[in-house]
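Notes follow the structure.
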Amino acid sequence: MRLFICLILLCVTLVNIVYAQAEEPVTTSSAGSSSSDAADVKPTAKPETGKTSPTAGKKKASSDTQPVSLETAYKREYAFLDAQKRELRAQLDKYKVNANSKEQELIRKINALERESVSRSAKIDQFNSQIAEAERTQAAVSERSEALEITYAQAEITLKNYNLEMPAALKEATESDQQKVDYLFKQALSLIAGLGDIQSKPGKFFLENGKQAEGEIIYLGNIAAYGVSAEGSGSLVPAGNDEFKVWKEPAADIAVALSKQVQPDELKLFLFESRTAAIEETPDKTILSVIHSGGIIGWVIVGLGAFALLLIFIRTFLLYKNSSDTRLLSDGVIKHVMAGQLDQARHMCEQGSSAITRVLASTLRHLKDDRDHMENIVHEAILQESGPLDRFGSAILVIASVSPLLGLLGTVTGMISTFDVITEFGTGDPKLLSGGISIALVTTELGLIVAIPALLLGSLLTAWSRNIKRDMEYSALRVTNAFLGSIDEVNPLSPNESSEQFAMNPQLA
């Protein structure tokens, strides 16, 4: 604000200076100078009406004709501006005083408002904390009220199971919680005392064949019971609707002894939690029941496992048939070849039925050919025999690889079925979820049961087949070297050395 007032003063000063410079060449006095001269001239005596003083007329004429100097005009303008400056400065000082007083007053008001705002904020926080505390207190009271209502309802249901009921006047009372609690505790204590005794009462129960029999029921508190009748006796379990049935475990002698008030040496009993909840007998698990719980995918995995087992038996038979007496046969053929008895060597090979005999027979038929042709014949014979040796090997390994994937598929299917049941019926009854969970777990189990043995046996049979082919290669090489006179009976070639020789020859490798 102060800066704004100073700028106004400066602008006024500049305007006046410019105006004074513009009037300097004028010889006659300006309107401002005339007014100043008129202000400086002292008034004289008032002339008579209608008459003019000659002296005044002369002075007026002389003043109208006398020129004003530049210095005089400047001094007059300077005096005028100085007077305006003092007046503006006085106004500025007065404005500053007023502004300071108003500023202090505003500051006092702002401080008062801030204090009031802080005080109101503190009150608001206090009110909010009180409201929150009241809400928590109300919630706690509501929870206690709900807990009491649930307790009353459970107590009434329990009392009804034993033919006891809360009085109507006490049940309808709204402000008698203490009386209700006292009544319920008294009834509960008396009921517990009565249920803790051994009691014998006449009653009915079901036998193992489903027939209802009348007899004596011996209660061991509220956790076990025995039944004695002429048609059958034994330990009793709840059958639902406050009925009992004879348990499958034999305990007839114990029930009869208790009915005669004789303490048996061994007490076999079935402990139950409530008489109203029926006890279901858990069926014994069998292999078929486990597979059936896996669903269609479980049976598919079992079928693949049976097929893999059949292929393993067939492959084992083929490999055993083609690997019997390999070493003895090759040694006998080599002896005949070294002795020059090729016909006896061929006859010996023709009597055998294994793959190595057929490879050696083909080798003996072409011993007199050149070496390259003979090696091609041996290689062709080994390739021809490799087919039966490798038969079903890939199929077994494929089944071993597919079985876990089918198990995983069953797991996903079972989980989807479980979630469908949860969506429709909720999670209240766990028995509804058992079907999907059984499919999810049993299929994974069956897949691993099929895959692990199939993979192990398939790998062992593949290694066995590879050893048979190596023995055929080794025996054919020994027969060839024996015929060519390059065999050393004292230190014959080992299987590894023979494999290296065939590896060096592209036609036999």
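The values are calculated or read from the model by the stated rules, or taken from the named source; none is laboratory data. Just so you know, these numbers come straight off a predicted model, no measurement behind them. We place every Cβ from the backbone using ideal geometry, glycine too, and count neighbours over all the protein chains shown.
Being among the polar types (S, T, N, Q), in a loop (DSSP other than H, G, I, E, B) and surrounded by 12 or more Cβ atoms within 10 Å (Cβ to Cβ) is the filter here, so list the residues in segment 276-296 that pass it.
T276
Out of (1) farther than 27 Å from W464 by Cα; (2) at pLDDT below 90; (3) surrounded by fewer than 15 Cβ atoms within 10 Å (Cβ to Cβ), what's the single condition that is false for W299?
Result: W299 passes all but (2).
Does K204 meet the test of being in contact with an Asp or Glu (Cβ under 9 Å, 6 or more places away or on another chain), loosely packed, with under 14 Cβ neighbours inside 10 Å and either free of Cβ contacts under 8 Å to residues at least 60 places away in the same chain or not in a loop (DSSP other than H, G, I, E, B) (or both)?
Yes, satisfied.
Scan L405, L389 and give me the residue that is among the aliphatic types (A, V, I, L, M) and surrounded by 13 or more Cβ atoms within 10 Å (Cβ to Cβ).
Residue meeting the stated conditions: L389.
For L236, state whether it is in a strand (DSSP E or B), without any contact (Cβ under 8 Å) to a residue 40 or more places away in the chain and surrounded by 12 or more Cβ atoms within 10 Å (Cβ to Cβ).
yes
Only one of these conditions is not met by L367: (1) touching a residue at least 60 places away in the same chain (Cβ under 8 Å); (2) part of a helix (DSSP H, G or I); (3) not charged (D, E, K, R). Which number is it?
Failed condition: (2).
Return the pair list, or none, for Cβ contacts closer than 9 Å from residues in segment 181-200 that are within 14 Å of E156 (Cα to Cα) to residues that are assigned to a helix (DSSP H, G or I) and modelled with pLDDT under 75, at least 6 apart or on different chains.
Hits for this filter: Y183/L170.
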